[in-house]
1. For D26, D64, D77, which order do you get if you count the other beta carbons within 10 Å of each Cβ and list the fewest first?
2. Between K23 and L59, what is the spin-label point distance in nm, taking each point 7 Å from the Cα along the Cα→C-beta axis?
3. Counting only Cα atoms, I'd like the Rg/Rh figure for segment 33-81, Kirkwood definition for Rh.
4. At a threshold of 8 angstrom on Cα-Cα distance, excluding pairs fewer than six apart, so keeping six or more, what relative contact order does segment 22-96 reach in percent?
5. Counting other Cβ atoms within 10 Å, which GluC sites (Glu not before Pro) in segment 33-86 have at most 13 and lie in a DSSP loop?
6. 7 Å from Cα along Cα→Cβ at both A144 and T132: what's the point-to-point distance in nm?
Amino acid sequence: MAMQLTQNREPDSPVIPDRLYFKIGDVARICGLETYVLRFWETQFPQLKPNKSGSGQRLYRRHDVELALRVKHLVRDEGYTLAGARQVLEQGHRRQAPQPVPQRDPQSSLPLLVTGSVEPPSGQAMDDVATTIAHARAELREIASLLASPEPQPPRRRSRLALVSSASGSLFPSS
């Protein structure tokens, strides 16, 4: 019987059960590590952040288990240091992040930035982005000129108390 592999899995990677949460002992068995190694990796990799139950037990999600397997592969198989593995994971995370695509707000002339689509913007969209950037630059120049002015305008002071004419002799003047 031939074994079929998904495109993302390597031939040696363990099967991760289809569960919502995994205890630290389960993750240690899946990854072939000791629990103290996983706890240490939590301090070294900010992406590896399991939830904690009410009793303080670590509850890993599937993406946490996959991340632990990835770290193990980088450190043990590819020979990275922990700092190098952290750098590889951060660079990979930046590359996989969806790029914002400008879309028009129906109530405004300015585009909105919405993530989700990774298609390159068309020529018209690039013109819209350039126009938006030009408007933002003009506003920033105006703000910078206001901040750089030699004599800032003092704020207007408003009287906190209403003036009462002494001729009426009463604290509650009649209208």
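Only the coordinates and a few stated rules stand behind these numbers; no lab work does. Quantities reported herein were computed from a predicted structural model and do not represent experimental measurements. Because the Cβ atoms are built from the backbone with ideal geometry, glycine has one as well, and the counts that use them run over all protein chains shown.
1. Working: D26 15, D64 21, D77 10.
Ranked by crowding around the Cβ, least crowded first: D77, D26, D64.
2. Output for this residue pair reads 1.3 nm.
3. Computed over Cα atoms, the ratio is 0.99.
4. Taking the mean separation of contacting Cα pairs over the length of segment 22-96, I get 28 percent.
5. Working: sites: E34, E42, E66, E78; in loops: E34, E78.
Loop-located and lightly packed - E34, E78.
6. It works out to 2.2 nm between the two label points.
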